[in-house]
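A quick write-up on the structure given underneath.
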Amino acid sequence: AQSVTQLGSHVSVSEGALVLLRCNYSSSVPPYLFWYVQYPNQGLQLLLKYTTGATLVKGINGFEAEFKKSETSFHLTKPSAHMSDAAEYFCAVLWGYQKVTFGTGTKLQVIP
Amino acid sequence: DVKVTQSSRYLVKRTGEKVFLECVQDMDHENMFWYRQDPGLGLRLIYFSYDVKMKEKGDIPEGYSVSREKKERFSLILESASTNQTSMYLCASTPGLAESYEQYFGPGTRLTVT
């Protein structure tokens with residue numbers, strides 16, 4: 001089994017500030033990596049994913065993430081936070097056929 | 001758009017009751033999953049199914065069973081509900097292709113067992 005570590009269960013940023021949500025994984029094979037977002041009382045939806053190719057991946061709503069193999073990291077960033085970004089964010093790694101491990105989630109609070 | 005629906009958004013059951021949670025997807029996906037979500041623990045896989053009548057245990061299958069009689073429908077069964085099964089339950093599906101390993105989630109069922 002693989003593990004996914006999300007540093008910080010709660011992150012607060014001011015509106016307009018940089019958003020940085022951290023994710024580190026353990027994997028002995030090249031992983032597929034994902035970020036999902038969950039708005040209150042909803043299911044998860046995909047923000048972005050890394051499979052192969054370019055290590056900087058752009059997703060929806062202005063988010064992007066960079067796969068750094070040497071650091072086993074896949075941090076999520078957004079240059080300027082918006083109030084609508086307040087949600088819980090989950091990092092996930094696919095490490096075998098349909099074997100996905102999710103991180104424990106980071107709740108993002110955006111302060112006006 | 002892929003749509004994954006769950007039969008109930010909120011459910012309240014008593015200890016010892018048999019509980020059925022239903023999930024339906026409309027995109028002909030081969031794979032379907034049941035997770036439970038608890039604060040601070042993220043999502044934990046209960047069971048998944050890769051074909052009709054096929055199932056595989058996830059990380060926390062104890063106290064649960066599943067049924068997949070039709071490709072579009074995947075049911076989670078709590079044989080005898082207990083208070084420690086109070087949780088948010090999320091269903092998801094994926095097609096079988098490697099480049100499409102994105103999971104499509106339903107809105108969730110918040111189950112309370114009293």
Evaluate segment A:96-111: report whether one residue or more is more than 10 Å from chain B (Cβ to nearest Cβ), out of contact with any strand residue (DSSP E or B) (no Cβ under 7 Å at 6 or more places or on another chain) and part of a strand (DSSP E or B).
-> yes
Selected residue [surrounded by 15 or more Cβ atoms within 10 Å (Cβ to Cβ), at pLDDT 95 or above and within 17 Å of A:TYR36 (Cβ to Cβ)] from B:GLY42, B:GLY108 = B:GLY108
Taking the condition open to solvent by less than 80 Å² (accessible area, probe 1.4 Å), within 14 Å of chain A (Cβ to nearest Cβ) and of a type in the set (S, T, N, Q), does B:SER8 pass?
-> yes
Given B:GLU69, B:GLU102, which one is acidic (Asp, Glu), within 18 Å of A:THR101 (Cα to Cα) and free of Cβ contacts under 8 Å to residues at least 40 places away in the same chain?
-> B:GLU102
Among the residues of segment A:96-108 satisfying the criterion of being among the hydroxyl-bearing types (Ser, Thr, Tyr) and open to solvent by less than 40 Å² (accessible area, probe 1.4 Å), which is farthest from A:GLU15 (Cα to Cα)?
-> A:THR101
Run B:THR114 past the list (1) free of Cβ contacts under 8 Å to residues at least 24 places away in the same chain; (2) exposed (fewer than 13 other Cβ atoms within 10 Å of the Cβ) and report the number of the one that doesn't hold.
-> (1)
Would you check which residues across segment A:1-25 are closer than 21 Å to A:VAL100 by Cα and either in contact with an Asp or Glu (Cβ under 9 Å, 6 or more places away or on another chain) or open to solvent by 50 Å² or more (accessible area, probe 1.4 Å) (or both) and list them?
-> A:ALA1, A:SER3, A:THR5, A:LEU7, A:SER9, A:ARG22, A:ASN24
Would you say B:LEU111 is over 15 Å from B:ASP38 (Cα atoms), assigned to a strand (DSSP E or B) and either away from chain A (no Cβ under 11 Å) or touching a strand residue (DSSP E or B) at 6+ places or on another chain (Cβ under 8 Å) (or both)?
-> no
Test: B:SER49 is among the small types (Gly, Ala, Ser) and either surrounded by 21 or more Cβ atoms within 10 Å (Cβ to Cβ) or at pLDDT below 95 (or both) | yes
Please work out which one of (1) away from every other protein chain (no Cβ under 11 Å); (2) in contact with a helix residue (DSSP H, G or I) (Cβ under 7 Å, 6 or more places away or on another chain); (3) of a type outside the set (A, V, I, L, M) is the condition B:THR94 fails and give its number.
-> (1)
Are any residues in segment B:29-52 at the interface with chain A (Cβ under 7 Å from one of its Cβ atoms) and closer than 20 Å to B:THR86 by Cβ, and if so, which ones?
-> B:GLY40, B:LEU41, B:GLY42, B:LEU43
Take the residues of segment A:80-95 that are in a helix (DSSP H, G or I) and surrounded by fewer than 17 Cβ atoms within 10 Å (Cβ to Cβ): which is nearest to the other protein chains (Cβ to nearest Cβ)?
-> A:SER84
Can we say B:GLY58 is under 24 Å from A:LEU47 (Cβ atoms) and under 13 Å from the mean Cα position of the chain (by Cα)?
-> yes
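Return yes when A:VAL57 is within 14 Å of chain B (Cβ to nearest Cβ) and farther than 21 Å from B:LEU90 by Cβ and no when it is not.
Criteria met by A:VAL57.
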Which one is surrounded by the most Cβ atoms within 10 Å (Cβ to Cβ), of the residues in segment A:37-50 that are facing another protein chain (nearest Cβ under 8 Å) and not in a loop (DSSP other than H, G, I, E, B)?
-> A:LEU44
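The values are calculated or read from the model by the stated rules, or taken from the named source; none is laboratory data. In this text the structure is predicted, and so the values were computed from the model without any measurement. So basically every Cβ, Gly included, is an ideal-geometry build from the backbone, and we count neighbours across all protein chains shown. Note: areas computed on protein heavy atoms with side chains; ligands, DNA, RNA excluded. Shrake-Rupley method; radii C 1.70, N 1.55, O 1.52, S 1.80 Å.
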